[in-house]
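Worksheet for the structure shown next.
The values are calculated or read from the model by the stated rules, or taken from the named source; none is laboratory data. Quick caveat: nothing in here was measured; it's all calculated off a predicted structure. Cβ sites come from the backbone with ideal geometry, for glycine too, and all protein chains shown count toward neighbours. Side chains are part of the model used for accessible areas, which takes the heavy atoms of the whole protein and leaves out ligands, DNA and RNA. Shrake-Rupley method; radii C 1.70, N 1.55, O 1.52, S 1.80 Å.
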Amino acid sequence: MRVAALSLAVSAGLLLSGCGFNVSGSGDGDGAASTARTDDSATALALDGEVSGEITSSSGINYSDGSRYQRFSLPLTEGQAVSLTLEGALPGTLAVFNGDQLIAQGEGPRLAFRAKSAGDYLVAVSGRGAEAFGPFRLGAKTIAAYDGKPLMGEGEVIDWLTGSAQDYTLHVERPGLYTITLASSAFDPVLRVRGPNVEAENDDSGGGTDSMLRLFLEPGTYTLNAAALEDAGRGDFNLAVRYAPLPGGMVTRDGTALVSGQVAVARVDGGSGRRFVLDVPNAAQVTFEARSDEFDTVLHIDGPGGTFEDDDGGSGTNSRLSTQLAAGRYEVRVESLGGGSGMFEVEARIDGVDAPVVEAVTAP
C-alpha cells in the first residue's frame with residue numbers, strides 16, 4: 001500500500017511543481033510548444049550511465065524564458081524508479097517527459113521519478129535562465145524501490161522522500177550495538193529511532209549532512225523514521241542498519257555497581273545518561289574518571305559526602321574528579337555535554353582499596 005501511494009504522491013507533487021516548463025521540439029518554433037518529443041536529435045542516455053553535454057548559444061531555445069536546452073532519450077520499463085544527477089559548471093534544471101506529458105521537473109543537482117509505463121522518456125537539461133551556459137554531466141541511476149518488508153536485524157532500504165517523514169520497521173533478535181545511517185545527497189536527512197527503551201534522533205553525525213545513530217538495542221520491534229530537516233526535502237536516500245556484538249563487559253543498564261580500580265564500558269545516546277553506584281567502605285580519597293573519544297563527558301557524583309560535578313577536569317574533554325568522601329553509597333552519573341552520543345569508559349579508584357584482577361565490570 002505504501003509503495004503505491006508513494007508513486008501517486010511523487011507523480012502528483014512533481015507535476016504540480018513542473019507545469020511551467022516549455023521545451024520546443026526544434027529551434028525555430030513559434031513559442032507555443034508545451035511538449036517534448038523523443039526524436040533523432042535526442043542523445044541516448046543509458047540507465048546507470050552518464051553522458052556529457054554543454055549548453056551554448058547554439059543550443060535549442062525554451063521560448064517561455066529564453067533559456068537553452070539539450071535533450072536525452074532514456075528507455076525505461078513500467079514502474080522503473082530513476083534518480084537523475086546533473087553536475088558541472090552549468091547552473092541548470094532538469095525536466096522529464098513521457099510523450100506529451102511532463103513527468104518530473106526540478107533544479108539540479110538531483111531529480112527522482114518513477115516511470116508510469118514502458119517507453120523512451122525524454123530528459124531535458126536546461127540552463128537556469130537566458131544567460132546560463134556551460135558544460136555538464138548527466139547521470140541516470142536505478143533506484144531499487146523499497147518493497148515494504150521490515151528489516152530483519154540488518155540490511156538497507158533505498159527509497160525516496162516526497163516531502164513528509166516515512167517510517168520503516170526493524171525487527172531485532174540479537175542484543176548488540178546497531179549502527180543506523182540515513183544518507184542522501186538530495187536533502188539534509190534527519191534520523192529518528194524509537195522502540196523498547198529507545199528514543200533517539202540525529203541530524204549530522206554520519207558525515208556531511210548525513211545522519212547516524214549507534215544504539216544498544218535489545219530484542220524487539222523498532223521504528224526507524226526518515227525525514228528531511230525542517231520537512232523541506234525530496235529525493236532518494238539510503239537507510240542502512242549494521243549489527244556488532246557487545247564489547248566484553250559492556251554495561252547496558254542503570255544501577256550497575258562500580259568496583260574500585262575496574263573500568264566499566266557503556267554508552268550514552270543523545271540527552272540520556274548512564275547511572276552507576278559506588279560503595280565507599282570507609283572515609284577515603286576517591287578519584288573518578290569518565291573518558292570518551294566520541295563526546296564531551298560530564299561526571300555527577302551524589303551521596304552522603306556531598307554532590308560534585310566535573311566537565312573537563314581530565315585530558316581534553318574528558319572528566320576527572322578527585323575528592324575526600326565519607327563512607328556510604330554514591331550515585332555516579334555520566335552524561336554527554338550538548339546531547340552527543342557515543343561509547344565511554346568510567347572508572348572509580350578508592351585510596352587503600354586494591355583493584356581486583358579483572359579487566360572490566362561484568363555487564364548485568
Legend entry - Phi to ³J(HN,Hα) by Karplus 6.51 cos²θ - 1.76 cosθ + 1.60 over the range 126-140, Hz, x for Gly, Pro: 10, x, 8, x, 5, 9, 8, 9, x, x, 7, 10, 10, x, 10
Legend entry - Amide proton proximity set for residue 88, modelled H, under 5 Å, gap of 5+: 137
Legend entry - Highest average packing first - 51-60, 68-77, Cβ atoms within 10 Å: 68-77, 51-60
Inset, instruction - Describe numerically, in nm with one decimal, the distance between label points set 7 Å from Cα along Cα→Cβ at residue 120 and at residue 272. - result: 5.7
Legend entry - In sequence order, calculated HN-Hα J values of the range 99-106 (Karplus, 6.51, -1.76, 1.60; Hz; x Gly/Pro): x, 8, 9, 6, 9, 7, 7, x
Legend entry - Built amide H within the under 5 Å cut-off of residue 188, gap 5+: 229
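I need the peptides 254-261, 194-201 ranked by packing, meaning the mean over residues of other C-beta atoms within 10 angstrom, with the highest value on top.
Numbers: 254-261: 17.5, 194-201: 15.1.
Averaged packing, sorted descending, gives the order 254-261, 194-201.
Which percent of the accessible area of the range 167-216 is formed by carbon and sulfur heavy atoms (probe 1.4 angstrom)? Display every interim value, and only then the final one.
Numbers: 960 of 2220 Å².
C and S fraction of accessible area: 43 percent.
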Legend entry - Counting all C-alpha pairs of the range 49-108, share separated by more than 18 Å (%): 40
Legend entry - Top positive-direction residue, dipole computed over the range 133-251 with Cβ charges, set 143, 222, 178: 143
